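Novice: Shown below is the structure under consideration.
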Amino acid sequence: MAMAVDVEQLTEAEARAELARLAEAISAANLAYHTLDAPELSDADFDALKRRNLAIEARFPSLKRSDSPSEQVGGAVAEGFGKVAHAVRMLSLENAFLDSDVAEFEERVRKYLGAAALAFTAEPKIDGLSLSLRYENGVLLQAATRGDGEIGENVTENARTIADIPQRLTDAPALLEVRGEVYMSHADFAALNQRQAERGGRTFANPRNAAAGSLRQLDANITAARPLRFFAYAWGALSAPLATTQIDAIARLNRLGFQTNPLTVLCSGPDEMLAQYRKIEAERALLGYDIDGVVYKVNDLGLQARLGFRSATPRWAIAHKFAAELAWTQLEAIDIQVGRTGALSPVARLTPVTVGGVVVANATLHNEDYIAGRAAKGSPIREGRDIRIGDWVQIYRAGDVIPKIADVDLTRRPDDAQPYVFPHTCPQCGSPAHREPGDAVRRCTGGLICPAQAMERLKHFVSRGAFDIEGLGAKQVEMFFHDEDLPVKSPADIFTLAARDAANGLRKLKNREGFGETSVKKLFAAIDAKRKIPLDRLIFGLGIRHVGEVASSLLARHYSTWPAFEAAITHALPGTPEWAELTSIDGVGAVLAGSLVAALQNGPERAAIDALVAELDVQPVQALGRVDSPVAGKTVVFTGTLEKMSRAEAKARAEALGAKVSGSVSAKTDLLVAGPGAGSKAKDAQKHGVKIIDEDDWLALIGQA
Ligand code: 5U1
């Protein structure tokens, strides 16, 4: 949004128009941030919009709108819904952008299954909002949004108002969870926005925002008045299978009364998949609703079950996204943001431009090489054209990802534009910012003394996959970080908030604007509830570089308890048995191990971790999978060629039975499963006295011979 005119200079008509634009922009930003989890504005830009809104309202009090953003708290709508734990996790999809990504996917699946050829379904990927519908004995009992995949929001009453969603089913399994996408057609979206504008209400940036905003209304009457639709494409919990193939299961859902997408087809392999992608892409503009790609799924449901899942995505499906949307605009400034691990990230501040229905004012510039027109290994990108402040740049967006700069137009470069000089010191704390050899990123070396790093660590700490404290999001963390009465500078401070507040006399939180007795009580209760935390979430919450959600889960499953983890990592230096054990965990390499060890051995960082753990009751994590299987808790290594299944499938099955699969043999290994061609690992096993069995023995042991 252009903000050139001083508030004092605005005419009444201009002020009215700008308040309408600000209400829309702030509500879209709120929706993106709190509801869709896809922030489109930086916190600073968001605050600037709110400040300007307040300033205009202060000058023209009579123009204050009934839906004024100054009266609203972001995320309030989301908090109004009850929570629903999904009986079967709602997954997301891995993305493919290139034809070669699809070919790799198909090959990976074939290799995993040891299959020569496979059939896949292809169907449009609807750009809407996922919904899970639970039917018991044919009656719709519950509708829930995806949420974080495990816990969604109860939107049953709202879903009942959608004509495409049957209230009753005949001939359905006794328990059936139907999953699909709620969306709004282009025509309905345009009509809705027109009605909203005529009434002076809020208009929506695109059909997906309109669908999300309409479904997530606390008042179901509002949802009922919004023209939402639903396509079914999957299922969750079931008391009886729908069919033996994906295509037949979709046909069955259709016979049960659900809308299923008519462009769903069966493909015999990658050539037909790509041909269907091109066909759907060509028809995209005429479909009358937004789609953002094509989803391919293994057709045989038995094979889908064998393929199983990674942490959040199935191995048997992929979303092939359409090319990004493009627009040209001017680069006004380059800001440097400092991230959780000290990375200096250049952010382009742009003259706002609409790209695919969304106003874009910021884009990532990746790193200093990208600005200079160099790729990671020094080869030119954009044929070596650098990016300068004042340049006209081409922006692209693909789906929800942060907008990027694709190109620069040298013919429009201002005469006085200068090459951008990337800072070598941290703009937040002044510490030197270094680049490690081979790393494209320059990092602040200030660690936790850098306020930006400390704050980003805190934001990560309270984020969804980590401590996920209700009522304590990024905004609140920022507020407490700068608070003089109740400062929160490190995670442990969160857990001492209530006690410190109690000692604060008149300056108590409940007396502050924006807080009340009930909300403070709720916040403290939410914090208290997270003192009991599973080990994997704690490890992830620490925000250690290279230690993401998957690695945290691997580490927690390996060490099981905090004392075991902490003791092992504290002593793990290259050459020690603890280091050998750490790096033997499949999925833990030397870089990750080094980063973890540095965090737990470093003075101030370790002190902050110890202070945090002293406030917590860390829950042990069991190895995934069954605990009653003959291999539960055993450490297994596979080596040589497996003939009955791929290595990946063997590993996934072993883990599902509660075994730990390691990449190398040590004294802690219980079993080596050796196929033909086993080499040094068999020798290591003999050296350590580890039992060696062949693939058939292994299958007999796990009851799958
Ligand atoms: N069309 C389609 N969209 N979509 C989204 N199919 C589909 N399947 C999905 C998702 C998230 O998930 C499967 C893993 C069930």
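The values are calculated or read from the model by the stated rules, or taken from the named source; none is laboratory data. Bear in mind that the values here come from a model prediction, so they are computed numbers and not experimental data. With ideal geometry, Cβ positions are generated from the backbone for all residues, glycine too; neighbour counts draw on all protein chains shown.
Novice: If you take the residues in the stretch 263-286 that are within 13 Å of the ligand (Cβ to nearest atom) and not in a helix (DSSP H, G or I), which one is surrounded by the fewest Cβ atoms within 10 Å (Cβ to Cβ)?
Specialist: Leu263
Novice: When you scan the stretch 193-206, do you find a residue that is hydrophobic (A, V, I, L, M, F, W, C) and within 16 Å of the ligand (Cβ to nearest atom), even just one?
Specialist: Keep residues of the stretch 193-206 that are hydrophobic (A, V, I, L, M, F, W, C), which gives 197, 204-205.
Right, trim to within 16 Å of the ligand (Cβ to nearest atom) and you get none.
No, the stretch 193-206 has no match at all.
Novice: Turning to a different aspect of this structure: Within 16 Å of the ligand (Cβ to nearest atom) and at pLDDT 95 or above, is that true of Arg134? First the steps, then the outcome.
Specialist: Working: within 16 Å of the ligand (Cβ to nearest atom): yes; at pLDDT 95 or above: yes.
Taking the combined requirement at face value, the residue satisfies it.
Novice: Now a separate question. Go through the stretch 216-236 residue by residue and tally those that are at pLDDT 95 or above and among the small types (Gly, Ala, Ser).
Specialist: Number of matching residues: 3.
Novice: Still on this model: Of the residues Ala275, Ala249, only one is among the hydrophobic types (A, V, I, L, M, F, W, C) and over 14 Å from Ala122 (Cβ atoms); which?
Specialist: Values: Ala275 fails: over 14 Å from Ala122 (Cβ atoms).
So the residue among Ala275, Ala249 that is among the hydrophobic types (A, V, I, L, M, F, W, C) and over 14 Å from Ala122 (Cβ atoms) is Ala249.
Novice: List the number of the failed condition for Thr156; all other conditions in (1) under 17 Å from Phe231 (Cβ atoms); (2) more than 16 Å from the ligand (Cβ to nearest atom); (3) of a type in the set (Ser, Thr, Tyr) hold.
Specialist: (1)
Novice: Quick check on my filter: what residues within the stretch 490-508 are surrounded by 13 or more Cβ atoms within 10 Å (Cβ to Cβ), out of contact with any Asp or Glu (no Cβ under 6 Å at 6 or more places or on another chain) and assigned to a helix (DSSP H, G or I)?
Specialist: Listed by number, the residues that qualify are Pro491, Asp493, Ile494, Leu497, Ala498, Arg500, Asp501.
Novice: Hey, Leu118 hits all of (1) modelled with pLDDT of 90 or more; (2) in a loop (DSSP other than H, G, I, E, B); (3) over 30 Å from Ala305 (Cα atoms) but one; which does it fall short on?
Specialist: With respect to (1) modelled with pLDDT of 90 or more; (2) in a loop (DSSP other than H, G, I, E, B); (3) over 30 Å from Ala305 (Cα atoms), Leu118 is out only on (3).
Novice: Considering only the stretch 288-345, state which residues are more than 10 Å from the ligand (Cβ to nearest atom), part of a strand (DSSP E or B) and of a type in the set (A, V, I, L, M, F, W, C).
Specialist: Scanning the stretch 288-345 gives Val298, Leu326, Ala327, Trp328, Leu331, Ala333, Ile334, Ile336, Val338, Ala343, Leu344.
Novice: Please verify whether the stretch 510-521 includes one or more residues that are part of a helix (DSSP H, G or I), more than 23 Å from Arg464 (Cα to Cα), at pLDDT 95 or above and out of contact with any Lys or Arg (no Cβ under 6 Å at 6 or more places or on another chain).
Specialist: Here is the first cut: in the stretch 510-521, the residues part of a helix (DSSP H, G or I) are 510-511, 517-521.
Checking which are more than 23 Å from Arg464 (Cα to Cα) leaves us with 510-511, 517-518.
Checking which are at pLDDT 95 or above leaves us with none.
No, the stretch 510-521 contains no residue that is part of a helix (DSSP H, G or I), more than 23 Å from Arg464 (Cα to Cα), at pLDDT 95 or above and out of contact with any Lys or Arg (no Cβ under 6 Å at 6 or more places or on another chain).
Novice: Tell me which residues, restricted to the stretch 376-397, are small (Gly, Ala, Ser), part of a loop (DSSP other than H, G, I, E, B) and over 26 Å from the mean Cα position of the chain (by Cα).
Specialist: In the first step, residues of the stretch 376-397 are kept if they are small (Gly, Ala, Ser); the result is 376, 378-379, 384, 390.
Of the ones still in play, those that are also part of a loop (DSSP other than H, G, I, E, B) are 376, 378-379, 390.
Residues satisfying the conditions are Gly378, Ser379, Gly390.
Novice: For the stretch 229-261, which positions are touching a helix residue (DSSP H, G or I) at 6+ places or on another chain (Cβ under 6 Å) and away from the ligand (no atom under 16 Å from the Cβ)?
Specialist: Thr244
Novice: Here are some residues: Val665, Val636, Val631. Which one is over 18 Å from Asp697 (Cα atoms) and crowded, with 20+ Cβ neighbours inside 10 Å? Step through it out loud before you land on a result.
Specialist: Values: Val636 fails: over 18 Å from Asp697 (Cα atoms); Val631 fails: over 18 Å from Asp697 (Cα atoms).
Just a single option satisfies the conditions, and that option is Val665.
Novice: Determine whether the stretch 181-188 contains at least one residue that is polar (S, T, N, Q) and either within 16 Å of the ligand (Cβ to nearest atom) or buried (at least 21 other Cβ atoms within 10 Å of the Cβ) (or both).
Specialist: Just the residues of the stretch 181-188 that are polar (S, T, N, Q), to begin with: 185.
Filter once more, so that each one left must be either within 16 Å of the ligand (Cβ to nearest atom) or buried (at least 21 other Cβ atoms within 10 Å of the Cβ) (or both): none.
Checked the stretch 181-188: no residue is polar (S, T, N, Q) and either within 16 Å of the ligand (Cβ to nearest atom) or buried (at least 21 other Cβ atoms within 10 Å of the Cβ) (or both).
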